[in-house]
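Derivation of every value follows stated rules applied to the coordinates shown; laboratory data play no part. Just so you know, these numbers come straight off a predicted model, no measurement behind them. With ideal geometry, Cβ positions are generated from the backbone for all residues, glycine too; neighbour counts draw on all protein chains shown.
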2 protein chains.
Amino acid sequence: MKAEILCVGTELLLGDIVNTNAAYIAKELANIGIDVYYQSVVGDNNDRLKESLELAFSRADIVVMTGGLGPTYDDLTKETVAEYFHKKMALDEESLKSITDFFDRLKRPMTENNKKQAMMPVGAKIFHNDNGTAPGLAISENDKTAVLLPGPPAEMRPMFRHAVIPYLMGFSDKVLVSHNIRVFGLGESRVEDMLYSLMKNSTNPTIAPYAKQGEVTLRVTAAADTKQKCEEMIAPVIKNIEDIVGKYIYGVDVANLQTAVVEELIRKNVTIATAESCTGGLISERITQIPGSSKVFGCGVCSYANDIKHCVLGVSEETLSQYGAVSEQTAKEMAQGVRRLAKSDIGVSTTGIAGPGGGTPEKPVGLVYIAIDSERFQKVIKLELNYHKADEREYVRHMTAQNVFKLVLSVLKENY
Amino acid sequence: MKAEILCVGTELLLGDIVNTNAAYIAKELANIGIDVYYQSVVGDNNDRLKESLELAFSRADIVVMTGGLGPTYDDLTKETVAEYFHKKMALDEESLKSITDFFDRLKRPMTENNKKQAMMPVGAKIFHNDNGTAPGLAISENDKTAVLLPGPPAEMRPMFRHAVIPYLMGFSDKVLVSHNIRVFGLGESRVEDMLYSLMKNSTNPTIAPYAKQGEVTLRVTAAADTKQKCEEMIAPVIKNIEDIVGKYIYGVDVANLQTAVVEELIRKNVTIATAESCTGGLISERITQIPGSSKVFGCGVCSYANDIKHCVLGVSEETLSQYGAVSEQTAKEMAQGVRRLAKSDIGVSTTGIAGPGGGTPEKPVGLVYIAIDSERFQKVIKLELNYHKADEREYVRHMTAQNVFKLVLSVLKENY
């Protein structure tokens, strides 16, 4: 089965946004055994879209399209595909209802042009959009299948995972099961090096690495007649991976590091408080992303100024003047201070030079101290996050938070 | 002048890496007045690459290609292009020297296959690679121009900026200028409704809307002989847009709301402190994303627990017991409290039900109070952020932060 990816949108064509959808879809299709030979991007233009669609179907069985499903006059994808398949457009009442509901819930008036999103080619399979107004759809006829998805990744990705994959799997008689192994603290090429022979020989289950923001996810996918058979095939593969990179794995099928941390805190009934300087609230923000985090988190202080480190967190003036704000001693006292302030079991802190300015030869950009304080365990770790790229500040802050979460997780596992 | 972008690489096709090159090149080409109508990705396969190249030249004058210039046997771009233009390949001594020098500098041995990178189609214009081994090149004949660039963005981008743009500017006779108008508080379809006649009739300058995370950007682009002429054409269009949606515009050519806020705070020398409950540190995190924010921001408190609202921020126990944590009164006292604690000019606060749990009929998920306190202006605003989607918690928190930033900005503009 051959597929092509055709992304529609002038904003892609002009380079205003990067086409992450194509990479996402390509990877997902590869995972279910569908080959992609071409990806294309075309603007919101009827003639060129039509031409691209015809070209794609001249080479492929499946064309997955993103974008151009919105309410405005230049959103043309559905109409062009309907024309290709000689289908009339008709109002889909169910889609209209969910669009109306969407606006009701937002308490915003629905403008007339939004109704356009409920117009569907007759006979299309419709994919409900849980995260926006434009439904997705598929039309399949004479061995040609077009899948149309909304452009925003936050709408497209869940729709692809939950509706499109099962739909495309319907063309085959197998069941597909995946598990995601989350790895932090090893680069992608290092992970690939260590797992090379395992990955190279993996066909079913497959092992696919995904790298993102200093983390690697290993997705293990099996295809078989039943879900249970898939699980039986996957279990020994996960075991093998754990044997090799086990100490870098922070969870299986867990969304991210902060989720792993908050779940472990709740499970063990341990409370935490945060004192942040260079991360500026990023750690508390990530903890409180997780529903239920209020059970284990009550207080975060973003002490950007020295004055606040002293007055609110109780870092001594001597420490600040003798060692400076970015020092092992300050990190330690910040963690102790916020723990005392919040009366929590654990206190964590960050202090460092996030850049781009503020670095010196002794304390360069990327130098960060993180600390943990609790009755059972205390530690300060020095990080040297050298990066030297345009987004260095974001990188330093992100990696600092990652390291704090990893530290908390290991302390929770070993000491609680 | 029409161009196409053709990116070569199996790793792109399989989605192992995201194609940031296409967006970068598209944007740069638009900037010098060259239109891009198609982007494509093809794997390292001779037949498909040849076919794609022929298709691209059937539609465009310029084809910009990335990837496939490396030393290995599956790097085929140069050879395929040479074939298309009926050119022989020959060793380019200068390229060979700079490749040899590159390895000398790295103190690594140069393997034999690296010489392949110095083989060039006869008559090609060669672009030196300052950041890697593969030189770029261009061939132009009979009104068709192929530009070949290395795949790694760190090599491609500087080469594009310093060598390719000057090369291509020779083909173009117009300049392009864009300005981005940032709008918050109106949905994309609402913006389009209000600006419909203005947008529909816009050809030069064009007006293009882009929606992202509750914001809309209107990009106004003009093409003319000189930059100054472009600016003169754009100015009245921006004025027209301001007349219609002016009160929702928070800036022109500013990266985002937090940047607009921090820049305005710095400009007016006003300090701010944050007291966050439902946003959990998101506001302080966004403020401290901006380099230089430490000039105007010293303290943020994430008071998730009532205890912390009382002990650290000084919200009275009566307020908490009589009105509850999610109330106008608590929001007000939080903003006052953090302003007092931080000795800042402005204090802002958030308290609300972010969901998914914790809602009641009286205080449903999405109910949020935000407050601002300063000597010159005090206000509490009630938000009802109904959404009911999988990412509701994220939405409520994000929109709360957006509303706080918008409030601070308007207070700064009117009262400082």
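Quick notes on this one:
- Cα gyration tensor category, rounded, prolate or oblate, for segment B:87-179 with a/c compared to 1.5: oblate
- Between B:GLU362 and A:ASP193, the modelled label-to-label distance comes to 6.2 nm, taking each label 7 Å out from Cα in the direction of the beta carbon.
- Each peptide among A:98-108, B:392-402 gets the average number of other Cβ atoms lying within 10 Å of its residues, and from highest to lowest they stand as B:392-402, A:98-108.
- Peptides B:225-238, A:61-74 ranked from most to least packed give A:61-74, B:225-238, packing being the mean of other C-beta atoms within 10 angstrom over each peptide's residues.
- Computed from backbone phi with θ = phi - 60° and the Karplus coefficients 6.51, -1.76 and 1.60, the 3J(HN,Hα) list for segment A:187-197 is x, 4, 5, 5, 4, 5, 4, 5, 9, 3, 5 Hz; x is used for glycine and proline.
- Between B:LEU6 and B:SER40, B:VAL64, B:MET65, B:THR66, the built amide H atoms are under 5 Å apart, and every one of these is 5 or more places off in sequence or on another chain.
- Stretching the chain fully between B:CYS311 and B:THR203 yields a gain of 32.9 nm (0.36 nm per residue, less the alpha carbon separation).
- Gap separating the Cα centres of segment B:266-302 and segment B:179-230, nearest whole Å: 30
- Averaging the sequence gap over all C-alpha pairs within less than 8 Å and six or more residues apart, then dividing by the number of residues, gives chain B a relative contact order of 10 percent.
- Classification of segment B:2-170 by its C-alpha gyration tensor yields a rounded form. The axis ratio a/c (a ≥ b ≥ c) stays under 1.5.
- Of all DSSP bridge pairs formed entirely within the protein assembly as shown, close to 65 percent run antiparallel.
- Crossing angle, helix B:93-106 versus chain B [Cα axis fit, 0-90 degrees, rounded to tens]: 50
- Net lengthening on full extension, B:GLU318/B:ARG161 (0.36 nm per residue, minus Cα-Cα): 50.2 nm
- Here the calculated FRET efficiency for A:LYS343 and B:ARG376, from their Cβ-Cβ distance with R0 = 56 Å, stands at 0.95, rounded to the nearest 0.05.
- The mean count of C-beta atoms from other chains within 10 Å of the C-beta of residues in B:206-218, rounded to a whole number, is 2.
- Angle of helix B:227-245 to the longest C-alpha principal axis of chain B, folded into 0 to 90 degrees and rounded to 10: 30°.
- Dipole of chain B, positive end: most advanced residue of B:VAL41, B:THR217, B:ALA154 [Cβ charges, Cα centre]: B:THR217
- With all pairs of different C-alpha atoms in the average, the Kirkwood value for the hydrodynamic radius of segment B:257-415 is 15.3 Å.
- Of B:ALA325, B:GLN117, A:ALA3, farthest towards positive along the dipole that unit charges on Lys, Arg, Asp, Glu beta carbons give the protein assembly as shown: B:ALA325
- For the residues of A:391-402, the average number of beta carbons from a partner chain within 10 Å of their own beta carbon is 1.
- Counted charge near B:PHE171, where neighbours are those whose Cβ lies closer than 13 Å (Asp, Glu -1; Lys, Arg +1): 0
- The modelled label-to-label distance for the pair B:ASN240/B:ALA255, using points 7 Å beyond Cα in the direction of Cβ, is 3.2 nm.
- CD proxy at 222 nm, helix term only [per DSSP H run n ≥ 4: -39500 (n - 2.57); per residue of chain A; nearest 500]: -12000 deg cm²/dmol
- Counting Cβ atoms of other protein chains within 10 Å of each residue's Cβ and taking the mean over peptide B:273-282 gives 6.
- Here's how it looks for A:LEU367: its modeled amide H is under 5 Å from those of A:ILE353, A:LEU385, which are all 5 or more places away or on a different chain.
- A simple rule links phi to the HN-Hα coupling: the Karplus curve 6.51 cos²θ - 1.76 cosθ + 1.60 with θ = phi - 60°, which for segment A:47-53 gives 5, 5, 5, 4, 4, 5, 5 Hz, with x for Gly and Pro.
- Between segment A:17-63 and segment B:120-142, the alpha-carbon centres lie 30 Å apart.
- Rough spin-label spacing in nm, given labels placed 7 Å along Cα→Cβ, for A:GLU232 and B:ASP130: 6.2
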